[in-house]
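Read-outs: derived from the displayed coordinates by stated rules, not from any lab. Bear in mind the structure is a predicted one, so any value in this text is a computation, not a measurement. Cβ atoms come from the backbone with ideal geometry, glycine included; neighbour counts cover every protein chain shown.
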């Protein structure tokens, strides 16, 4: 996953030597250094003088000093997220702020400690851009952060750590050791906009089923349990098996279903040994779901994942069915925060 960081700088008060020898017999010698050519002597002097220039190696010293000071500042600091808001719907505000507390090892609060908060602000597919802001703890070591209403759905995390120059790798490592995290989730606003679902499943021999699959039905039920409305299965199997995204998009549009704004499609194939296997404790089944969601307004990809799940059941007869349901539930659980 590609991560981009944007610094907003907002403060919320609450929170060898190469010695070359000229092997020419007529090369003049430096009388002060027998057997040494003048050219080599001058080169050595020049390098020596360069070493004495003002500012030489200062950047290294400053970096080491900066790291040492940061290490001393945070050595006894513990940060924890004490409260997180419920996930809002995309474009709606968080109802309550994130709350954090910084304390020392003996439990006393860390007052007036600057913290950096890193949180998601935009997403392009699976690539998330993070912004950073600065908080300052109060006398009780507490700080709060209320993000602006999110314009993108997310299933990500928010981080709080002692403020410092994390472009310095050593400081970044120290900050990571004192970072508190929490889920940062924003639910899609498309749950009531209507959509289509078509998932083609392949058998143990790798052959695709061209009928409405059990896996597709499992996805439909999982979507409904997650609060999606106006969802229905669609006959898109022929386009899916050829992986023709344009045809999938055009076929879904041609159905002219009322209030349909997106289509979820993909495949479910056996993973692992490629079959249901007898293992200790029962029967193991592995399925790999390759699922995409397309916006039917413009054909853009709203979501894509390749997800693998393995289940073990006591009996063989329900091994595949259990794995289908688990696969659908896990993907929908993630999808609702990423469309």
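Worth pointing out:
- When you restrict to C-alpha pairs under 8 Å that are six or more residues apart and normalise by the size of segment 195-335, the relative contact order lands at 24 percent.
- Average projected area [Cα convex hull, segment 195-335], square nanometres: 8.1
- Neighbour counts of C-beta atoms inside 10 Å place 223, 146 in the sequence 146, 223, starting with the fewest.
- Antiparallel DSSP beta bridges within segment 195-335, percent to nearest 5: 70
- More than 17 Å apart - percent of Cα-Cα pairs taken over segment 95-178: 54
- Segment 283-332 and segment 194-251: distance between their alpha carbon centers, rounded to Å: 11
- Rounded to 5, percent antiparallel among DSSP beta bridges of segment 163-265: 10
- Semi-axis lengths, largest first, of the ellipsoid equivalent to segment 124-283 are 42, 24, 16 Å, with √(5λ) applied to each eigenvalue of the Cα gyration tensor.
- By the count of neighbouring beta-carbon atoms within 10 Å, fewest first, 290, 211, 244 end up ordered 211, 244, 290.
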